[in-house]
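Engineer: Below you will find the structure I want to go over with you.
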Ligand code: ZN
Ligand code: FE
């Protein structure tokens, strides 16, 4: 099987748009709909016909373009069962444990409540790629708008089960700011300081820092590292469980 083709392009101020394409099967999916014009232009550039939208959550920078794009392309919209009422134009409802195919490519769905109560992520195990919306960012994670720290930490642990090589496409370019916070709670992490330098160099050339990998995030993302003694000390957590370290790290980032 050929790997799925992935086209990534900037949308709005700091979002990314993604198109997934299986040439043989003649299918193309947009992951979320941050910006109608940018997505239609990307489709035109590639000469791909949109067949599906895969929504991660209901926020307008993720599902706001659904109806306009569906009207133009006639595509099918797949989105979170737990949030169906807030996903415009939804046709197919999916959730934890569901698996479907895009062309030849199996896609597994995981519920990842925390950022929103209905957030889902898409994992393509055979292609070793994943689309995680606003659940996981490079060296960061989504704000807890509708969920508890316990829910978000549980969600992030699901992603940590994927193989280290898994390429992770996050929905925003927040990496540079995330690196500054990460360094503030774990300054002794050598891989982190090296990565922060690389990220600065990429951004100075206006290049994306996405995708990242699960292995890289496990090594440098403070929200996947509540077991780090340095982070525990930085957030003042002694003899507390990992969920509490995660909760305090998230709370610190909110006011960083
Ligand atoms: Zn969001
Ligand atoms: Fe977002």
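The values are calculated or read from the model by the stated rules, or taken from the named source; none is laboratory data. Note that the structure is a prediction, hence the values are computed from the model and not measured. For neighbour counting, all protein chains shown are included, and Cβ atoms are generated from backbone atoms with ideal geometry for every residue, glycine included.
Engineer: Residues that are within 16 Å of ligand 2 (Cβ to nearest atom) and at pLDDT 95 or above, at least 3 per element: which helices (runs of 4 or more DSSP H) completely within region 112-206 meet that? It would help to see each step written out before you state the result.
Structural biologist: Working: elements: 149-160, 175-185, 190-204.
Hits in region 112-206: 175-185.
Engineer: What is the residue count in region 88-104 for residues that are assigned to a loop (DSSP other than H, G, I, E, B), more than 15 Å from residue 158 (Cβ to Cβ) and touching a helix residue (DSSP H, G or I) at 6+ places or on another chain (Cβ under 6 Å)?
Structural biologist: Going residue by residue through region 88-104, those that are assigned to a loop (DSSP other than H, G, I, E, B) are 88-91, 95-98, 103-104.
Then keep just the ones that are more than 15 Å from residue 158 (Cβ to Cβ); that gives 88-91, 103-104.
Pick out the ones that are also touching a helix residue (DSSP H, G or I) at 6+ places or on another chain (Cβ under 6 Å) and you get 88-90.
The qualifying residues number 3.
Engineer: Further question: Would you check if residue 256 is surrounded by fewer than 20 Cβ atoms within 10 Å (Cβ to Cβ), over 15 Å from the mean Cα position of the chain (by Cα), in contact (Cβ under 8 Å) with a residue 60 or more places away in the chain and more than 16 Å from residue 138 (Cα to Cα)?
Structural biologist: Details: surrounded by fewer than 20 Cβ atoms within 10 Å (Cβ to Cβ): yes; over 15 Å from the mean Cα position of the chain (by Cα): yes; in contact (Cβ under 8 Å) with a residue 60 or more places away in the chain: yes; more than 16 Å from residue 138 (Cα to Cα): yes.
Yes, satisfied.
Engineer: Right, here's the next one. For region 120-174: of the residues being under 20 Å from residue 62 (Cα atoms) and out of contact with any strand residue (DSSP E or B) (no Cβ under 8 Å at 6 or more places or on another chain), which is surrounded by the fewest Cβ atoms within 10 Å (Cβ to Cβ)?
Structural biologist: 145
Engineer: Which condition from (1) within 16 Å of ligand 2 (Cβ to nearest atom); (2) closer than 19 Å to residue 19 by Cα; (3) not in a loop (DSSP other than H, G, I, E, B) is the one that residue 107 breaks?
Structural biologist: (1)
Engineer: Among the residues of region 175-198 satisfying the criterion of being closer than 16 Å to residue 14 by Cβ and buried (at least 20 other Cβ atoms within 10 Å of the Cβ), which is farthest from ligand 1 (Cβ to nearest atom)?
Structural biologist: For region 175-198, the residue satisfying everything is 179.
Engineer: Something else about it: Mind listing just one residue for me: the one in region 57-75 that is touching a helix residue (DSSP H, G or I) at 6+ places or on another chain (Cβ under 6 Å) and within 16 Å of ligand 2 (Cβ to nearest atom) and, of those, farthest from residue 7 (Cα to Cα)?
Structural biologist: 58
Engineer: Return the residues of region 207-241 that are in a helix (DSSP H, G or I) and under 22 Å from the mean Cα position of the chain (by Cα); say none if nothing qualifies.
Structural biologist: Of the residues in region 207-241, the ones in a helix (DSSP H, G or I) are 214-220, 222-224, 229-234.
Scanning region 207-241 gives 214, 215, 216, 217, 218, 219, 220, 222, 223, 224.
Engineer: Out of all the residues in region 69-77, is one or more within 16 Å of ligand 1 (Cβ to nearest atom) and in contact (Cβ under 8 Å) with a residue 24 or more places away in the chain? I'd like the intermediate steps shown before the answer.
Structural biologist: To start, the set of residues in region 69-77 that are within 16 Å of ligand 1 (Cβ to nearest atom) comprises none.
No: region 69-77 contains no residue that is within 16 Å of ligand 1 (Cβ to nearest atom) and in contact (Cβ under 8 Å) with a residue 24 or more places away in the chain.
Engineer: Now a separate question. Taking into account only those residues within region 19-67 that are away from ligand 1 (no atom under 16 Å from the Cβ) and at positive phi, which is surrounded by the fewest Cβ atoms within 10 Å (Cβ to Cβ)?
Structural biologist: 47
Engineer: Can we say residue 44 is over 18 Å from residue 122 (Cα atoms), out of contact with any strand residue (DSSP E or B) (no Cβ under 8 Å at 6 or more places or on another chain) and in contact (Cβ under 8 Å) with a residue 40 or more places away in the chain?
Structural biologist: Working: over 18 Å from residue 122 (Cα atoms): yes; out of contact with any strand residue (DSSP E or B) (no Cβ under 8 Å at 6 or more places or on another chain): yes; in contact (Cβ under 8 Å) with a residue 40 or more places away in the chain: no.
Spelling it out, it is not the case that residue 44 is over 18 Å from residue 122 (Cα atoms), out of contact with any strand residue (DSSP E or B) (no Cβ under 8 Å at 6 or more places or on another chain) and in contact (Cβ under 8 Å) with a residue 40 or more places away in the chain.
Engineer: Can you tell me which residue among 33, 51 is modelled with pLDDT of 95 or more and under 23 Å from residue 117 (Cβ atoms)? Outline the logic, then answer.
Structural biologist: Values: 51 fails: under 23 Å from residue 117 (Cβ atoms).
The match here is 33.
Engineer: Within the set of pairs 6 or more residues apart or between chains, which connect a residue that is without any contact (Cβ under 8 Å) to a residue 24 or more places away in the chain and under 23 Å from residue 125 (Cβ atoms) inside region 1-26 to a residue that is in a strand (DSSP E or B) and more than 16 Å from ligand 2 (Cβ to nearest atom) with Cβ atoms less than 6 Å apart?
Structural biologist: 5/21
Engineer: Return the only residue of 76, 70, 108 being closer than 19 Å to residue 168 by Cβ and either crowded, with 16+ Cβ neighbours inside 10 Å or within 19 Å of the chain's Cα centre (by Cα) (or both). Before you say what the answer is, go through the steps one by one.
Structural biologist: Numbers: 76 fails: closer than 19 Å to residue 168 by Cβ; 70 fails: closer than 19 Å to residue 168 by Cβ.
None of the other options fit; the residue is 108.
Engineer: Name the pairs: first residue in region 137-148 and in contact (Cβ under 8 Å) with a residue 12 or more places away in the chain, second residue outside any loop (DSSP other than H, G, I, E, B) and within 12 Å of ligand 1 (Cβ to nearest atom), Cβ to Cβ under 7 Å, at least 6 apart or on different chains?
Structural biologist: Every condition considered, the pairs that remain are 137/172.
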